[in-house]
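As C-alpha cells, the structure follows; a few thoughts come after it.
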Amino acid sequence: MTGWIPINRGLAIHTDEIGLRFVRASGPGGQNVNKVSTAVELRFDLANSPSLPDAVKARAAALAGSRFTDAGEILIFAERFRTQAMNREDAIQRLIELLAKAAIAPKARRPTKPGKAAKARRLDGKKRRSDVKSNRSRPVSD
C-alpha cells in the first residue's frame with residue numbers, strides 16, 4: 001500500500017504515515033478466530049503528520065477522544081469483519097471520516113443584538129401578560 005489517501009478536496013495523507021498491525025479478534029470467525037489475526041490496529045501519528053495543518057490536527061485530536069493517545073497518535077481498532085482486508089479497509093475508512101470531519105472549520109459565531117421590532121414585541125407581550133395577571137386580583141373598593 002503506497003501512495004496518497006485523499007481526505008477531501010485539498011487534503012490527503014501519505015500511506016507511510018499509517019501503521020497497521022494485525023491481531024487476533026474476538027467475535028465471528030468460527031475456529032479461524034483462534035488461529036488467524038484478522039483484527040486491525042491502525043496507528044496514525046497525528047502530532048508529527050506533515051500532511052495536516054495544525055488547526056485540523058487540533059480538531060482531530062478533540063474528535064478522536066479516547067482514541068487519541070498520550071503519544072499523539074490516533075488508534076483505531078477494527079474487528080467488525082471476518083477478513084483482514086475488510087478490517088483494514090474499515091479502519092482506514094474510519095480514519096478518513098474522522099479527518100474529513102476535522103477538516104471542516106467550525107462557523108464563527110457573530111454575536112447579534114435583537115432589533116427594535118423584536119424588543120417592542122417582547123415588551124408588548126410582557127405588558128399583555130402583566131395586564132392579564134393584574135385583572136385576576138380583587139377589585140379595589142372605593
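Report the full-extension gain for the segment A61 to D124: residue separation times 0.36 nm, less the Cα-Cα distance, to one decimal in nm.
Numbers: separation 63, 0.36 × 63 = 22.68 nm, distance 4.83 nm.
That works out to 17.8 nm of additional length.
Using the crude model of +1 on Lys and Arg Cβ and -1 on Asp and Glu Cβ, and no other charge, please compute the dipole size for the chain relative to its Cα centre, in debye to 20. Could the numbers behind the result be given before it?
On the way: 28 positive and 14 negative charges, 367 e Å.
For the chain, the charge dipole is close to 1760 debye.
Could you tell me which of G72, L98, N87 has its Cα farthest along the dipole of region 4-103 towards the positive end, charges placed at Cβ (Lys, Arg +1; Asp, Glu -1), taken about the Cα centre?
N87
Taking amide H atoms as placed 1.01 Å from N in the peptide plane, list the residues 5 or more away in sequence, or in a different chain, whose amide H sits under 5 Å from that of A12.
Those lying under 5 Å, H to H, from A12 are I7.
Given [x] 16.4, 52; [y] 28.2, 98; [z] 21.0, 76 as candidate values of Rg and Dmax of the Cα atoms in Å, which corresponds to the one derived from the coordinates?
Of the labelled values, this structure produces [y].
Go through region 38-51 residue by residue and turn each phi into a ³J(HN,Hα) via Karplus (6.51, -1.76, 1.60, θ = phi - 60°); whole Hz please, and just put x for glycine and proline.
9, 6, 10, 10, 9, 10, 10, 7, 5, 4, 9, 6, x, 7
Straight-line reach from K101: which lysines fall under 18 Å, measuring Cα to Cα and dropping same-chain residues less than 8 apart?
K57
Read-outs: derived from the displayed coordinates by stated rules, not from any lab. These figures come from a predicted structure and were not determined experimentally. Cβ sites come from the backbone with ideal geometry, for glycine too, and all protein chains shown count toward neighbours.
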